[in-house]
Amino acid sequence: MDKLSILGNGPLEGRIPISGAKNSALKLQAASLLCEEPLVLTSMPNLADTRFMADLLRNLGVEVEWPKGEALCRMHAANITSTIAPYDLVRKMRATFNVLGPLLARVGHATVSLPGGCAIGARPVDLHLKAFEAMGADIVIEEGYVKAAALRGLRGAHINFPFVSVGATEHAMLAAVLAHGETILENAAAEPEISDLANCLNACGAKITGHGTSTIRIQGVAKLTGARHDVIADRIEAGTFAIAAAAAGGNVFLEGARAEDLGALIDALRRAGVTVEVESKGLRIKRNGGGLVAVDVDTRPHPGFPTDLQAQFMALMSIAEGTSTIRENIFENRFMHAPELSRLGANITVRGNEAIVKGVPKLKGAPVMATDLRASVSLVIAALVAEGETTVNRIYHLDRGFERLEEKLGRCGAKITRSGDSARSSGR
Ligand code: EPZ
């Protein structure tokens, strides 16, 4: 199994290109099932998760052309040959569940394994299924599988989500684009990835308005064509590198990062004493000499502070002056990085959904274990500022969501090396 060795090594200086967003790309890939003509995605992030989704699409009959290492992926769902997504494929990555809605809308039926829980919480899919039922689908859950059918097609519905769910909003949109009539989604998520999906679907002939607000309207159309669409820049990757630069100090330009998607983080970084400059082609993060001060954050749906940056921000707060309270409001079990950060010398007490972080003057390198994607990268950030060497084990989590992490940080001066099977086979 691969691991990363990181030597705490002073400020970061340079430029980091931001990749396409994983959490957008995965839903855009699922959208290809709706399109009768090719959907071409550019700025596709080469990640374990997006490659895995491509394999699932191939299994369903989609022709996928995506040469290794390339950022252009062409998908053509001329003939869908299977409507079954088996347990082994859905278990490994929850986002594969998102093929259910497009299959139901395009073919009229689908059998997709329930995704089950994961390390950060139970993560049910009840809101997704209620949305499909409201659109007229018959849903049966049998032996761990969702069997959904709408043989005469889905029909538009008025859906008011009881709370904000990114996945349910996207999934309902993916189904409603081919439904008969209008669908209105209320209390919808407004994450930038939702707008990216809506823009791509509209380019394929869908009629979606209101995306980016809490009410989305979708006028169903008879069919979708194809399009060429550039995947939005990954705000979580950008935010992660912004926090890394804030922690290590220095001057880093995040090329392609979109300030409009990162308002809550930019505000928190500025309050912590970090300089964030919005430039036409990205964001510049600077901290030269000045200390960091503790800031409280509460995770919330967009435009609130993103749960996917909570672990990274906790790493930053562990070296800030003062005490920070970090509240996690989206997932019930998303503090697994806290004990690992404590192994590096952080002073963190977890009480329910609150973590109290008392800043310490310095962290010290130690072996630590990655538990999920964002937790893993919080350990990398802490390691960049810790004295001595840190080894981060089980980094397959990192490879699910960060493209060329060691290379991007390494070019800014970080001393970070990978060892293990994939490092040997790829020669990296
Ligand atoms: C997406 O997950 C992201 N994943 C997550 O990123 C992200 O943390 C999350 O949105 C919130 O921003 C992908 O896009 C692939 P939700 P999703 O539905 O859609 C509960 C990462 O690290 N809920 O907004 O699954 C749910 O359990 C990942 O990249 C229900 O109860 O998140 C959670 O507590 C992790 N029933 C809350 O809602 C439902 O039917 C919000 O989840 C659906 C959700």
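The calculated FRET efficiency for the pair Val360 and Leu72, based on their C-beta separation and a Förster distance of 56 Å, comes to about 0.75. Segment 1-56 and segment 73-143 have their alpha-carbon centroids 21 Å apart. Atom-type composition of the exposed protein surface of segment 141-238 places 49 percent of the accessible area on carbon and sulfur (1.4 angstrom probe).
Between Glu65 and Asn393, take the C-beta separation as r, use R0 = 51 Å, and let me know the FRET efficiency to the nearest 0.05. Once rounded, the FRET efficiency stands at 0.90. Placing +1 on each Lys and Arg Cβ and -1 on each Asp and Glu Cβ, with no other charges, gives segment 334-428 a dipole about its Cα centre of roughly 100 debye. Extending 7 Å from the Cα toward the beta-carbon at both Val221 and Asp138 defines two label points whose distance is 3.1 nm.
Across Gln29, Gln219, Gln312, mean-square fluctuation computed from a Gaussian network of the chain (C-alpha pairs under 10 Å connected) peaks at Gln219. In a GNM of the chain with a 10 Å cut-off on Cα contacts, which of Ala244, Ala25, Ala157 has the highest mean-square fluctuation? Comparing Ala244, Ala25, Ala157 in the GNM, the peak value goes to Ala157. Annotation: aspartates and glutamates with alpha-carbon distance below 15 angstrom to Lys415 (same-chain offsets under eight excluded): Glu13, Glu387, Glu389, Glu406, Glu407.
Placing a label point 7 Å from the Cα of Cys118 along the Cα-to-Cβ direction, the residues of segment 76-90 with a backbone N closer than 13 Å are 90. The peptide list 387-395, 170-178, put in order of mean Cβ contacts within 10 Å with the highest first, becomes 170-178, 387-395. Take the Cβ atoms of Lys207 and Lys92, set R0 to 41 Å, and the FRET efficiency comes out at 0.75. Counting only DSSP H runs of at least 4 residues, each contributing -39500 (n - 2.57), and dividing by the residue count of the chain, the helix-based mean residue ellipticity at 222 nm comes to -9000 deg cm²/dmol. Note on segment 42-200: Cα-Cα pairs beyond 22 Å make up 42% of the total pair count.
Expressed to the nearest 5 percent, the antiparallel share of DSSP beta bridges inside the chain is 70 percent.
Full extension of the chain between Ala48 and Asn187 gives 46.9 nm of extra length, using 0.36 nm per residue less the Cα-Cα distance. Using a Gaussian network for the chain with springs between C-alpha atoms less than 10 Å apart, which of these wobbles most: Cys118, Cys204, Cys412? The residue that fluctuates most here is Cys118. For segment 304-366, the list of trypsin sites (Lys or Arg not before Pro) that fall in a loop by DSSP and count at most 16 other C-beta atoms within 10 angstrom reads Lys362.
Close amide H pairs (under 5 Å, H built 1.01 Å from N) link Leu292 with Glu321, residues at least 5 positions away or on another chain. Between Asn347 and Arg228, residue separation times 0.36 nm minus the direct Cα-Cα distance comes to 38.0 nm.
Each residue of segment 299-307 is assigned a 3J(HN,Hα), and the resulting list reads 6, 8, x, 4, x, x, 5, x, 4 Hz, derived from the Karplus form 6.51 cos²θ - 1.76 cosθ + 1.60 (θ = phi - 60°), x at Gly and Pro. Ranked from largest to smallest solvent-accessible area, with a 1.4 Å probe on the protein heavy atoms, Leu373, Leu224 come out as Leu373, Leu224.
The values are calculated or read from the model by the stated rules, or taken from the named source; none is laboratory data. These numbers come from a predicted model, not from an experiment. No Cβ is skipped: glycine too gets one built from the backbone with ideal geometry, and neighbour counts run over all protein chains shown. In case anyone asks, the SASA skips ligands and DNA or RNA and just uses the protein heavy atoms, side chains included. Shrake-Rupley method; radii C 1.70, N 1.55, O 1.52, S 1.80 Å.
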